[in-house]
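A short write-up of the structure that comes next.
The values are calculated or read from the model by the stated rules, or taken from the named source; none is laboratory data. No experiment lies behind these values; they were computed from the predicted model shown. Virtual Cβ from ideal backbone geometry, glycine too; neighbours counted across all protein chains shown. Accessible surface is based on the protein model in full, side chains and every heavy atom, while ligands, DNA and RNA are left aside. Shrake-Rupley method; radii C 1.70, N 1.55, O 1.52, S 1.80 Å.
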Amino acid sequence: EKSGLPFAPVAPGMDLRGGSRHKTASQAISAEVGIPMAIVTGCCYAAAANLASYVSTEGVRTGRKRSRLVANSKLSAAHGEGLIITAAYASGIPVPIVNATMVATNLITNMFLQIWLRITFYDKSMRTGTVIFAFAVYQLAYLGPTPHEEESLVAMFANRHAVVWVVMLTTSCIAAAVGIHMTMNAPMESFPKTLSWSVLVSVLGAAADNAAACLGLLEGWVLFCSMAFYGMGAFILLVLSARAPAVCDAAAYVPLQLCIQMVINMITGLVVWHDGERMQSMQPYLTAFAICLSSVYMSSPNVDLVAGMHHWHVRRKPLTKSSFGRAVLELLATWQQDQVSPGAESKEDIATALQSVLNVGISRGIFTPTGVAELVVDLHSQQGSTSISRIVWWMQETQFFKEYFVGHPEFAKALRSAVPPGTWDMLTEDCIPNGRSASTSPTEALIDDDDDDSEDSEAGE
């Protein structure tokens, strides 16, 4: 009780809060090594993932394919790490504490390895968010619940609140599976697709975590049968966990999935395992969890909920209803005016309008700094051609405009009209791979569809 740590050394048979638990020495020792097991698992997860990432990165740089040995080693490591974390959950340490410790160790080790191996550059917000997460998890060890007693699983899961929570999780899992099926052909950047995969993997992952915690309360043939079913479920979860980053934007999927699973484990601990009865105060515990989630959000630069809401608003409203839309319309008007009356004044207006579009687009997350850098390099390497054509082409290749053109084909046609006559075909060999015709661009395809609809209506008349 003096240390406050749920994994502090205790004498066999003594409760961490001063009472008698009547546990065997092996059970007391297992509680002591639960957190170290979670730390080892987090380090191993990060090491295996970065090994594969480093080999893939070096393969792209040197032109060599990734060795099958690396893939097999990663798979074997995943199975070994799964056994260690299963033992950690079964030790009696509350599932939220074990899960948060494993994730924190994973993120810290991952950051150091990626910086050391030069796989990814960590900016200030990513480094700060990762370190804050580790500090918050350290606080959870003091503020969180103590290891649970030997309890009846039937009594825990027969509780009315537990039944409602299990039904909610089952419904969420089914809804997520339906969402995955409906968004199967959606692009990787699709938020509904990423959310569906995140919810499915998180619910199944939380179920596996708490099932592993239940194994520590079983014995005899029931334990062995449960372990067999647990192994089959863990294999399915492993397959889905490997599949999700391949079909979703991994930069958005990973932090979202981590946050959802941590929240599910925390609520499950309160509702099913009655963690609230084994802690001194609930408010600091919930605050520490909120800091954990905020730090994951801070360390994920590709995840911006405000920018996502802004994109949703702009795609469903006329461009005149948003600052970015008004900036784009102003740029389009200056391009059209330059075709009518070119001159120094019109060029200055174009420069001002273009700067406004880029500034607002970057601040809203519509344009990425990498995309803007690619545009600048492209314009620099093709100074002989008309820059407006290349800017229009670059804008229409942005994911936001691809989605916006679907519901607003008239704007796609207006944007295409800003290109000076005779300059669009110059992009055929430079911007389009394999010499594909420029008319196959997203804007041209929408314009052609619009023209075909007009011709069909005229024929019908």
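In region 304-321 there is at least one residue matching the filter, namely being closer than 30 Å to LYS124 by Cα, among the aromatic types (Phe, Trp, Tyr) and loosely packed, with under 15 Cβ neighbours inside 10 Å. Look at (1) within 14 Å of GLN257 (Cβ to Cβ); (2) modelled with pLDDT under 85 and you find that PRO187 fails only one, number (1).
Close Cβ contacts (under 7 Å, 6 or more residues apart or on different chains) running from residues in region 320-339 that are of a type in the set (A, V, I, L, M) to residues that are crowded, with 17+ Cβ neighbours inside 10 Å and not in a helix (DSSP H, G or I) comprise LEU332/ALA418. Please go through region 109-125 and give me each residue that is touching a residue at least 12 places away in the same chain (Cβ under 8 Å) and surrounded by fewer than 19 Cβ atoms within 10 Å (Cβ to Cβ), ordered by number. Selection gives LEU117, ILE119, ASP123, SER125.
Exactly one residue out of PHE121, PHE135, PHE157 is modelled with pLDDT under 85 and within 30 Å of ASP249 (Cβ to Cβ): that is PHE121. Inclusion of ALA234 among residues that are surrounded by 15 or more Cβ atoms within 10 Å (Cβ to Cβ) and over 20 Å from the mean Cα position of the chain (by Cα) is warranted.
Candidates SER281, SER241: the one that is of a type in the set (Ser, Thr, Tyr) and loosely packed, with under 15 Cβ neighbours inside 10 Å is SER281.
Among the residues of this structure, VAL328 does not count as one that is closer than 24 Å to HIS310 by Cα, at pLDDT 85 or above, touching a Ser or Thr at 6+ places or on another chain (Cβ under 7 Å) and assigned to a helix (DSSP H, G or I). Of the residues making up region 183-217, just one is of a type in the set (S, T, N, Q), outside any helix (DSSP H, G or I) and surrounded by 19 or more Cβ atoms within 10 Å (Cβ to Cβ), namely THR183. Among the residues of region 252-278, those identified as open to solvent by 40 Å² or more (accessible area, probe 1.4 Å) and within 19 Å of the chain's Cα centre (by Cα) are VAL254, LEU256, VAL263.
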